[in-house]
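Worksheet for the structure shown next.
Bear in mind these aren't lab numbers, they're just calculated from the coordinates by the rules spelled out. Predicted model only: the values in this text are computed from it and were never measured. So basically every Cβ, Gly included, is an ideal-geometry build from the backbone, and we count neighbours across all protein chains shown.
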Ligand SMILES: [Zn+2]
């Protein structure tokens with residue numbers, strides 16, 4: 001008697017590996033599917049597959065020039081190219097509720113509006129990664145390109161923005177995506193700190209704080225202590241520091 005043959009993609013396998021499962025009878029297939037979806041059975045969790053979609057913002061000569069200017073004026077760093085040696089990951093939320101709208105804010109080279117930031121430099125704000133509410137990860141800039149997202153710490157920090165805010169708390173899918181993305185980044189770079197943007201001022205006065213104007217500060221609440229608590233629980237084995 002031929003067995004029904006079921007092919008499925010397990011969400012727990014990052015939707016990237018297809019498993020084939022033999023199931024018996026007529027009722028079992030659905031139950032087996034459910035169990036596999038819930039447990040990720042058959043997946044090798046030690047080898048998760050991360051999927052990142054490239055969605056680059058403009059990084060032209062002008063953006064590089066403005067980045068170098070920011071590095072010099074704000075961080076006091078004279079460099080020849082706008083690159084960073086990543087030692088920190090800063091997690092954010094966008095307070096803008098769609099990928100496209102956020103992309104359109106980060107894409108221009110020069111900052112628009114935001115008078116409190118304009119005075120500090122013409123370089124537009126951005127981040128390296130943008131995580132949608134369903135956990136889809138987009139890369140806006142190469143990991144080691146300079147981006148303006150966290151005062152005093154940009155020169156060493158990779159920024160991850162998550163679509164959400166006080167009107168839409170970050171999702172479990174985003175928590176999972178941030179965990180996997182940071183774990184992957186830690187395998188590539190010597191990441192010592194993982195912080196929420198709301199925690200950045202804790203680094204003032206520390207060895208790693210590099211901002212030439214002690215009064216240039218903005219008050220941040222993203223992504224909030226609850227999301228960071230859950231993220232740190234998941235990242236615990238990697239022993240990142242949360243403060244200076
Ligand atoms: Zn932020």
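What does the convex hull of the alpha-carbon atoms of segment 52-238 project to on average, in nm²?
Convex hull of Cα atoms, orientation-averaged projection: 9.8 nm².
Compute the relative contact order of segment 52-238 as a whole-number percentage, counting only Cα pairs closer than 8 Å that sit 6 or more residues apart in sequence.
Details: 329 pairs, mean separation 53.3, N = 187.
Normalised by residue count, the contact order of segment 52-238 is 29 percent.
If R₀ is 22 angstrom, what is the calculated FRET efficiency for the pair residue 53 and residue 234, using the beta carbon separation as r and rounding to 0.05?
Plugging the Cβ-Cβ distance into 1/(1 + (r/R0)^6) gives 0.50.
Just the number: Rg to Rh for segment 164-244, Cα atoms, Kirkwood Rh, two decimals.
Working: Rg = 13.9 Å, Rh = 14.0 Å.
Using only Cα positions, Rg/Rh for segment 164-244 is 0.99.
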